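Novice: Structure in structure tokens, see below.
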Amino acid sequence: MRSKEGSGGLALPRHVAIIMDGNGRWAKQQGLPRTEGHHRGARSVREVVACARELGVPFLTLYAFSVENWGRPVAEVSTLMSLLQEFLFNELPLMLKHGIRLRVIGETSAMPPAVRGVLASTLAATEKNTDMTLTLGLSYAGRNEIVRAARKIAEEAARGELNPADVTEEAFSGHLDTSYMPDPDLIIRTSGEVRISNFLLWQSAYAEFVFTDVLWPDFGKAEFILALEEFSRRNRRFGLTGEQVWPQGAR
Ligand code: FPP
């Protein structure tokens, strides 16, 4: 679904989700350690969040750490955890100033206690903000999320709280981590990789995809706007005919 036209006349997506990829390769190209790629990646996060907020995108979701990422070298995982803590701590004033509500999806119980602490306080401090919802995927994986939702439904049915006949697509969506957000309209992946990597598997059913060769640390405002422009040129028909979706022949 499109939200109202943005300031530049773009038909803005209501929800943009991003697979931020290429920090390691960026660092390698520069002859720097991988961790430096993640530091520069955190800068891109800041820039893209600010740009999305400025343009009026209501929901932005960033894949910051996957369940699979736990398998990376201990030092790299620990750098990513520190960066996350730093980001949450440093960006809180800006999130408050710009009305940004922070949410998380994933098995956050797996995060280290220090990260869980700062997460809990940032979630609480930004809870009432309504201008934009920034969601971080942390220890997130789409299949894991679907299995957890199925388990919750089975538990409710076993307790007699839910009739199996009432397990509709809508009810299922309501048991996912993402129950508070619309499905993504646009999913961007950086670094030239063309795959979904277990991200928002259920929710991406009708998403448009934009793949760019730009590595995440080089992805900023200009690249974000290019992806939005590409989205705004796409014809989304949701399985219908063009005539049904645009009866006035607008397209
Ligand atoms: C992918 O690059 C990126 C990640 C695994 C993590 C994303 C993390 C950040 C952008 C930094 C901090 C995040 C926040 C929210 C402040 P890669 O390491 O897989 O790159 P490669 O494929 O080139 O090795």
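Novice: Under 5 Å between amide H atoms, partner at least 5 residues away or on a different chain: which partners does T61 have, H built in plane at 1.01 Å?
Specialist: Residues meeting the criterion, in which the H sits 1.01 Å from N, are V16, A17, I18, T135.
Novice: Between the DSSP loop rule and a limit of at most 15 other Cβ atoms within 10 Å, which GluC sites (Glu not before Pro) in the range 109-186 are left?
Specialist: Working: sites: E127, E145, E155, E156, E161, E169, E170; in loops: E127, E161.
Within the range 109-186, the qualifying GluC sites (Glu not before Pro) (loop, at most 15 other Cβ atoms within 10 Å) are E127, E161.
Novice: Report, to two decimal places, the Cα Rg of the range 119-161 normalised by 2.2 N^0.38 Å (N = number of residues). Provide the component values of the computation, followed by the final result.
Specialist: Details: Rg = 15.0 Å, N = 43, 2.2 N^0.38 = 9.2 Å.
The reported ratio for this selection is 1.63.
Novice: Could you work out the relative contact order of the chain? I mean the mean sequence separation of Cα pairs under 8 Å and 6+ apart, divided by the number of residues, in percent. Show your work: numbers first, answer last.
Specialist: On the way: 380 pairs, mean separation 65.2, N = 251.
Relative contact order of the chain: 26 percent.
Novice: Here's another thing I want to ask about it. DSSP loop GluC sites (Glu not before Pro) in the range 188-251 with at most 15 other Cβ atoms within 10 Å of their Cβ, which ones?
Specialist: E193
Novice: How many percent of Cα pairs in the range 95-243 exceed 20 Å?
Specialist: Result for the distance tail: 63 percent.
Novice: Still on this structure, please answer the following. Find, among the GluC sites (Glu not before Pro) in the range 29-113, those assigned to loop by DSSP (not H, G, I, E, B) with at most 16 other beta-carbon atoms within 10 angstrom.
Specialist: Values: sites: E36, E47, E54, E68, E76, E86, E91, E107; in loops: E107.
Hits after loop and neighbour filter: E107.
Novice: How much of the DSSP bridge set in the range 1-148 is antiparallel, in percent, rounded to the nearest 5?
Specialist: 10 percent
Novice: Among T130, L215, L162, whose Cα projects farthest towards the positive end of the dipole of the chain, with charges put on the beta-carbon of Lys, Arg (+1) and Asp, Glu (-1)?
Specialist: The residue sitting most towards the positive pole is L215.
Novice: Next question, about the same structure. Explain nothing, just the number: dipole magnitude of the chain about its Cα centre with +1 on each Lys and Arg Cβ and -1 on each Asp and Glu Cβ, in debye rounded to the nearest 20. Working shown, then result.
Specialist: On the way: 29 positive and 30 negative charges, 65 e Å.
Rounded to the nearest 20 debye, it is 320 debye.
Novice: Could you check the spin-label model distance between I146 and L10? Points 7 Å from the Cα along Cα→Cβ, value in nm.
Specialist: Simple spin-label model gives 3.0 nm for this pair.
Novice: Moving to a separate point now. I need the phi-derived Karplus couplings for the range 153-170: 6.51 cos²θ - 1.76 cosθ + 1.60, θ = phi - 60°, integer Hz, Gly and Pro marked x.
Specialist: 5, 4, 5, 5, 5, 5, 7, x, 8, 9, 8, x, 5, 8, 7, 9, 4, 5
Novice: Per 0.36 nm of contour for each residue apart, how much would the distance between L94 and L240 grow if the chain were fully extended, relative to their Cα-Cα spacing?
Specialist: Values: separation 146, 0.36 × 146 = 52.56 nm, distance 4.17 nm.
Stretched fully, the L94-L240 segment lengthens by 48.4 nm.
Novice: A further question on this structure: Anyone know which of L200, L134, L226 comes out most mobile in the 10 Å Cα GNM of the chain?
Specialist: Of L200, L134, L226, the most mobile in the Gaussian network model is L226.
Novice: Looking at the chain as a GNM with Cα springs under 10 Å, which of R143, R151, R103 has the largest mean-square fluctuation?
Specialist: Taking springs between Cα atoms under 10 Å, the residue moving most is R151.
Novice: Based on Cα positions only, what radius of gyration and what Dmax would you give for the chain, in angstroms?
Specialist: 18.8, 59
Novice: In addition: What residues qualify as long-range amide H neighbours of A141, i.e. H under 5 Å apart, gap of 5 or more or another chain, H built at 1.01 Å from N?
Specialist: Counting only residues 5 or more places away or on other chains, the set is V67, E107.
Novice: Follow-up question, since we're still on this one. Inverting the mean 1/r over all pairs of different Cα atoms, compute the Kirkwood radius of the range 63-126 and quote it in Å. Don't jump to the answer; show the numbers that get you there.
Specialist: Numbers: mean 1/r = 0.0802 Å⁻¹.
The Cα-based Kirkwood calculation yields 12.5 Å.
Novice: Could you work out the mean projected area of the convex hull around the alpha carbons of the range 16-110, in square nanometres to one decimal?
Specialist: Values: hull surface 26.1 nm².
It is 6.5 nm².
Novice: Can you tell me the Rg and Dmax of the range 160-251, counting just the alpha carbons, in angstroms?
Specialist: 17.1, 52
Novice: What ³J(HN,Hα) values, in whole Hz, does the Karplus curve 6.51 cos²θ - 1.76 cosθ + 1.60 give for the range 115-122 when θ = phi - 60°, with x put for Gly and Pro?
Specialist: Result, rounded to whole Hz: 5, 4, x, 5, 4, 4, 6, 5.
Novice: Among G56, G220, G117, which one moves the most in a GNM of the chain with springs linking Cα atoms closer than 10 Å?
Specialist: With Cα springs under 10 Å in the chain, the top fluctuation among G56, G220, G117 is at G117.
All of the numbers you see were taken from the coordinates with simple rules; none came from a lab. Keep in mind that what you see is a predicted model, and the values were worked out from it rather than measured. A quick note on method: Cβ atoms are made from the backbone with ideal geometry, for glycine too, and the neighbour counts reach across all protein chains shown.
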